[in-house]
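A.B. asks: Sending over a structure as structure tokens; questions will come in a sec.
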Amino acid sequence: MLEKMISIDRYAYNSKLRYIEPLQKLIFSLLTLAVGLWADNIVISIIIFSIMIYATVYYGGIPIKYYFKLLLIPMTFLFISVITLVINISHNPENFLCYFRIGSSFIGCSKTGALKVLLLFFKVMASVSCLYFLSLSTPIIDFLAALKKLKVPKLIIEITGLIYRFIFVIMETAENMFRAQNSRLGYIDLSTAYRSLGTLISNLFIRSYKRANELYIALESRGYDGEINVLQQEYKRGKKLYFYTALINILLLIIALITKGRWPSL
Amino acid sequence: MKEYILEVHSLSFTYPDGTRALRDVNMKIKPGEITAILGGNGAGKSTLFHTLNGILKPSKGQIVFEGKPIDYSRKGLIELRKSIGIVFQDPDNQLFSASVYQDVSFGLMNLKLPEEEVRRRVNEAINRTGIVNIKDKPTHSLSFGQKKRVAIAGVLAMEPKVLILDEPTAGLDPKGVSEIMTFLKEIQQELAVSIIISTHDIDMVPIYCDKVFVMNEGEIVAHGTPEEIFQDIDRIRSVNLRLPRIGHLMEILKEKDGFHIDSLPLTISKARRALIRNRLKDIFKIKTLKDNRYQQK
């Protein structure tokens with residue numbers, strides 16, 4: 001999971017959409033997500049899913065193979081929840097697409113159940129693709145810049161930024177310690193492994209504490225006065241994505257209203 | 001201009017656990033010079049730097065910057081840190097942001113400069129330190145040498161009058177070392193900044209530094225130009241340091257092989273000159289001998 005997280009991070013930095021103002025990307029992704037959830041309509045879901053894939057893969061330059069690999073992550077969760085929806089027990093096998101019999105009742109997959117699954121599947125895919133668009137085009141620092149514009153409390157932004165930065169530092173430290181222990185057979189059997197892991201974790205705490213102190217000193221020497229003020233890098237000028245966001249979502253709303261009732265919904 | 005930009009008068013510092021990290025340190029730094037603080041591990045170099053930036057308050061003694069003793073009030077410290085910038089040894093402890101650009105801008109934003117000025121200075125520092133090609137990358141994907149440059153850019157952007165670097169060459173490959181040092185020499189000449197570095201890389205000192213202070217167990221045991229310092233070989237060796245390799249070679253050539261060398265050359269170019277002089281002397285001697293023999297016949 002951690003590796004996936006890091007590779008998402010790496011792709012986000014290299015995305016061709018990186019230099020678009022993060023707030024525009026945030027609004028594009030979240031507004032479309034909201035419309036998709038509100039519409040609750042399989043056509044809308046499919047449209048959103050396609051738009052987001054197109055935007056992320058074609059405009060963002062993310063390899064399509066990687067994109068679908070990422071889609072497999074929510075798929076496992078989806079699969080588990082779908083099972084409970086699909087399988088019904090009934091005394092009457094009429095509505096079932098396929099079934100088998102246990103005693104007097106039938107266990108099987110019903111038509112409405114299958115339809116529900118299909119709807120749910122595309123709804124989930126549409127929502128996930130909205131979020132993937134954001135996370136594959138906007139590194140955390142840019143995302144935080146957008147939050148800052150939305151007047152999210154500074155403290156939250158600062159802490160998130162520091163956590164993000166030091167995840168990598170601490171991970172590297174932990175990895176080095178693990179390697180050093182491993183090369184001296186620290187994980188040769190289970191009891192040794194537990195002991196080694198214990199010392200690794202406690203050591204990591206001590207080091208992090210020291211590091212925090214040193215970071216504070218370093219910040220102070222550059223005039224830190226309780227608030228981390230930094231200047232954002234300049235993003236591409238232009239409000240093109242706002243325009244597309246409005247256009248796409250208005251169209252989606254119209255389609256949703258026209259097809260309302262005619263298409264099955266959840 | 002005052003003769004000294006930074007003066008340290010009988011400075012002592014004792015840590016809460018009783019370690020006497022600095023004992024009666026006296027130092028004077030001229031503007032626009034590169035000064036090396038040479039000392040083994042635990043000699044007190046880092047502690048000294050922390051006191052120079054006002055991070056640690058000395059137990060005894062005084063630091064005078066531009067003729068005025070350091071004012072430890074909040075405002076005084078802010079003023080001090082505007083003028084004296086410090087680059088720490090481990091860039092991972094200094095870079096707090098995942099964005100190179102943001103990190104470089106941090107000090108400037110604290111100076112409450114207008115945005116345009118901040119952008120101008122950030123870009124200048126990024127250009128000067130040669131990190132233009134990595135400015136869009138996250139800090140965690142940079143190499144150690146690159147992180148070091150970003151850390152230097154963050155301090156340099158504040159345009160300090162004194163730039164302090166704690167072990168700037170530690171952990172760098174030979175190319176990285178010469179790049180960083182050449183770069184420091186450049187900014188020393190172009191911006192007339194005083195630079196203080198701590199190091200135990202002895203070979204580098206005579207090439208790049210104008211002045212040297214040798215520290216041992218919290219005390220300054222010798223100071224002067226590199227040439228002066230390394231003439232007193234016994235003292236250097238007594239504090240767990242050694243001569244630069246070139247100097248050592250020249251010492252052996254002088255003592256054991258009868259080369260005529262007056263003062264120990266410490267850099268390759270000076271050693272070369274001394275050796276050529278020796279060779280010329282020999283050729284000349286042989287020639288005169290031959291001439292004499294010829295005349296005798």
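The values are calculated or read from the model by the stated rules, or taken from the named source; none is laboratory data. Keep in mind it's a predicted model, so treat the numbers as computed, not measured. Virtual Cβ from ideal backbone geometry, glycine too; neighbours counted across all protein chains shown.
A.B. asks: Sort through A:Thr84, A:Thr160 and tell me the only one that's more than 30 Å from A:Ser208 (Cα to Cα), without any contact (Cβ under 8 Å) to a residue 24 or more places away in the chain and hydroxyl-bearing (Ser, Thr, Tyr). Step through it out loud before you land on a result.
C.D. replies: Values: A:Thr160 fails: more than 30 Å from A:Ser208 (Cα to Cα).
It is A:Thr84.
A.B. asks: Okay, next question. For the range B:127-143, give me each residue that is in a helix (DSSP H, G or I), touching a residue at least 24 places away in the same chain (Cβ under 8 Å) and away from chain A (no Cβ under 11 Å).
C.D. replies: Quick first cut of the range B:127-143, residues in a helix (DSSP H, G or I) only: B:127-128, B:132-134, B:139-141.
With touching a residue at least 24 places away in the same chain (Cβ under 8 Å) added as a condition, the list becomes B:128, B:134, B:139-140.
Of everything in the range B:127-143, those that are in a helix (DSSP H, G or I), touching a residue at least 24 places away in the same chain (Cβ under 8 Å) and away from chain A (no Cβ under 11 Å) turn out to be B:Arg128, B:Ile134.
A.B. asks: Now, a different point. Scan the range B:81-107 residue by residue and report those that are buried (at least 23 other Cβ atoms within 10 Å of the Cβ) and either over 30 Å from A:Thr138 (Cβ atoms) or β-branched (Val, Ile, Thr) (or both).
C.D. replies: Across the range B:81-107, the qualifying residues are B:Arg81, B:Ile84, B:Gly85, B:Ile86, B:Val87, B:Phe88, B:Val100, B:Val104.
A.B. asks: What is the one condition in (1) modelled with pLDDT of 80 or more; (2) basic (Lys, Arg); (3) surrounded by fewer than 20 Cβ atoms within 10 Å (Cβ to Cβ) that A:Arg101 does not satisfy?
C.D. replies: Here A:Arg101 clears every test but (1).
A.B. asks: Can you pull out every residue in the range B:146-184 that is under 21 Å from B:Glu124 (Cβ atoms) and not in a helix (DSSP H, G or I)?
C.D. replies: Answer for the range B:146-184, where residues must be under 21 Å from B:Glu124 (Cβ atoms) and not in a helix (DSSP H, G or I): B:Ala157, B:Met158, B:Glu159, B:Pro160, B:Lys161, B:Val162, B:Leu163, B:Ile164, B:Leu165, B:Pro168.
A.B. asks: Given B:Glu124, B:Glu117, which one is part of a helix (DSSP H, G or I) and within 11 Å of chain A (Cβ to nearest Cβ)?
C.D. replies: Numbers: B:Glu124 fails: within 11 Å of chain A (Cβ to nearest Cβ).
Just a single option satisfies the conditions, and that option is B:Glu117.
A.B. asks: Which numbered condition in (1) out of contact with any Phe, Trp or Tyr (no Cβ under 7 Å at 6 or more places or on another chain); (2) assigned to a helix (DSSP H, G or I) is the only one that B:His260 fails?
C.D. replies: (2)
A.B. asks: Let me ask you something else. Would you mind stating whether B:Lys148 is buried (at least 19 other Cβ atoms within 10 Å of the Cβ), of a type in the set (Lys, Arg), more than 10 Å from every other protein chain (Cβ to nearest Cβ) and within 23 Å of A:Gly223 (Cα to Cα)? I'd like the intermediate steps shown before the answer.
C.D. replies: Values: buried (at least 19 other Cβ atoms within 10 Å of the Cβ): yes; of a type in the set (Lys, Arg): yes; more than 10 Å from every other protein chain (Cβ to nearest Cβ): yes; within 23 Å of A:Gly223 (Cα to Cα): yes.
Here the answer is yes, as B:Lys148 does meet what is asked.
A.B. asks: Could you list, in sequence order, all residues of the range A:150-173 that are within 14 Å of another protein chain (Cβ to nearest Cβ) and among the hydrophobic types (A, V, I, L, M, F, W, C)?
C.D. replies: A:Ile157, A:Ile159, A:Leu162, A:Ile163, A:Phe166, A:Ile167, A:Phe168, A:Val169, A:Ile170, A:Met171, listed by residue number.
A.B. asks: Something else about it: Does the range A:183-199 contain any residue that is under 33 Å from the mean Cα position of the chain (by Cα), surrounded by fewer than 12 Cβ atoms within 10 Å (Cβ to Cβ) and basic (Lys, Arg)?
C.D. replies: no
A.B. asks: Further, regarding this structure: The conditions are (1) more than 10 Å from chain A (Cβ to nearest Cβ); (2) more than 22 Å from A:Tyr164 (Cα to Cα); (3) modelled with pLDDT of 90 or more, and B:Ser73 fails exactly one of them. Which is it?
C.D. replies: (3)
A.B. asks: Filter the range B:185-194 for residues that are among the aliphatic types (A, V, I, L, M) and part of a helix (DSSP H, G or I) and give the result. Walk me through it before giving the result.
C.D. replies: Initial filter on the range B:185-194 (among the aliphatic types (A, V, I, L, M)): B:187, B:191-193.
Listed by number, the residues that qualify are B:Ile187, B:Leu191.
A.B. asks: Moving on to the next point. With within 22 Å of A:Met52 (Cβ to Cβ) and not aromatic (Phe, Trp, Tyr) as the only criterion, which of A:Leu200, A:Leu185, A:Leu136, A:Leu97 stands out? Steps first, please.
C.D. replies: On the way: A:Leu200 fails: within 22 Å of A:Met52 (Cβ to Cβ); A:Leu185 fails: within 22 Å of A:Met52 (Cβ to Cβ); A:Leu97 fails: within 22 Å of A:Met52 (Cβ to Cβ).
When all the criteria are applied, what remains is A:Leu136.
A.B. asks: Something else about it: Just wondering, is there one or more residues in the range B:170-188 that are of a type outside the set (Lys, Arg), in contact (Cβ under 8 Å) with a residue 40 or more places away in the chain, out of contact with any Lys or Arg (no Cβ under 6 Å at 6 or more places or on another chain) and within 14 Å of another protein chain (Cβ to nearest Cβ)?
C.D. replies: no
A.B. asks: Within the bounds of the range B:45-58, is there any residue that is within 28 Å of A:Thr160 (Cβ to Cβ) and at the interface with chain A (Cβ under 10 Å from one of its Cβ atoms)? Don't jump to the end; show me each part of the working.
C.D. replies: The first filter runs over the range B:45-58 and keeps only residues within 28 Å of A:Thr160 (Cβ to Cβ), leaving B:55.
Filter again for at the interface with chain A (Cβ under 10 Å from one of its Cβ atoms), leaving B:55.
Within the range B:45-58, one or more residues are within 28 Å of A:Thr160 (Cβ to Cβ) and at the interface with chain A (Cβ under 10 Å from one of its Cβ atoms).
A.B. asks: Might you let me know whether the range A:161-177 holds any residue that is more than 30 Å from A:Ile206 (Cβ to Cβ) and not polar (S, T, N, Q)? First the steps, then the outcome.
C.D. replies: Here is the first cut: in the range A:161-177, the residues more than 30 Å from A:Ile206 (Cβ to Cβ) are none.
No, the range A:161-177 has no match at all.
A.B. asks: Shifting gears a bit: Within the set of pairs 6 or more residues apart or between chains, which connect a residue that is within 12 Å of B:Lys254 (Cα to Cα) inside the range B:266-279 to a residue that is assigned to a helix (DSSP H, G or I) with Cβ atoms less than 6 Å apart?
C.D. replies: Going by the 6 Å Cβ cut-off, the qualifying pairs are B:Ala271/B:Ile246; B:Ala271/B:Met250.
A.B. asks: If a residue has to be in contact with a strand residue (DSSP E or B) (Cβ under 9 Å, 6 or more places away or on another chain), farther than 13 Å from A:Glu214 by Cβ and more than 7 Å from every other protein chain (Cβ to nearest Cβ) to count, how many in the range B:88-112 make the cut?
C.D. replies: Residues in the range B:88-112 being in contact with a strand residue (DSSP E or B) (Cβ under 9 Å, 6 or more places away or on another chain), farther than 13 Å from A:Glu214 by Cβ and more than 7 Å from every other protein chain (Cβ to nearest Cβ): 1 in total.
A.B. asks: Could you please find all residues in the range A:200-258 being closer than 19 Å to B:Leu111 by Cβ and more than 11 Å from chain B (Cβ to nearest Cβ)?
C.D. replies: Answer for the range A:200-258, where residues must be closer than 19 Å to B:Leu111 by Cβ and more than 11 Å from chain B (Cβ to nearest Cβ): there is none.
A.B. asks: Which of the residues spanning the range A:24-36 are surrounded by 15 or more Cβ atoms within 10 Å (Cβ to Cβ) and within 18 Å of A:Leu119 (Cα to Cα)?
C.D. replies: Within the range A:24-36, the first condition is being surrounded by 15 or more Cβ atoms within 10 Å (Cβ to Cβ), and the residues that meet it are A:24-29, A:31-33, A:35-36.
Within the range A:24-36, A:Thr32, A:Leu33, A:Val35, A:Gly36 qualify.
A.B. asks: Same structure, new question: Looking at the range B:162-207, which of the residues that are touching a helix residue (DSSP H, G or I) at 6+ places or on another chain (Cβ under 6 Å) and hydroxyl-bearing (Ser, Thr, Tyr) is modelled with the highest pLDDT?
C.D. replies: Top of the filtered list is B:Ser198.
A.B. asks: Turning to a different aspect of this structure: Quick one: in the range A:122-157, of everything that is of a type in the set (Val, Ile, Thr) and in contact (Cβ under 8 Å) with a residue 12 or more places away in the chain, which residue is surrounded by the fewest Cβ atoms within 10 Å (Cβ to Cβ)?
C.D. replies: We begin by selecting, within the range A:122-157, every residue of a type in the set (Val, Ile, Thr); these are A:124, A:128, A:138, A:140-141, A:152, A:156-157.
Next cut, in contact (Cβ under 8 Å) with a residue 12 or more places away in the chain only: A:124, A:128, A:138, A:140-141, A:157.
Details: A:Val124: 19, A:Val128: 19, A:Thr138: 26, A:Ile140: 20, A:Ile141: 25, A:Ile157: 16.
For the range A:122-157, the residue satisfying everything is A:Ile157.
A.B. asks: Do we have any residue at all in the range B:62-74 that's touching a Ser or Thr at 6+ places or on another chain (Cβ under 6 Å) and not aromatic (Phe, Trp, Tyr)? Outline the logic, then answer.
C.D. replies: As a first pass, look at the range B:62-74 and keep what is touching a Ser or Thr at 6+ places or on another chain (Cβ under 6 Å): none.
So far as the range B:62-74 goes, no, none of its residues is touching a Ser or Thr at 6+ places or on another chain (Cβ under 6 Å) and not aromatic (Phe, Trp, Tyr).
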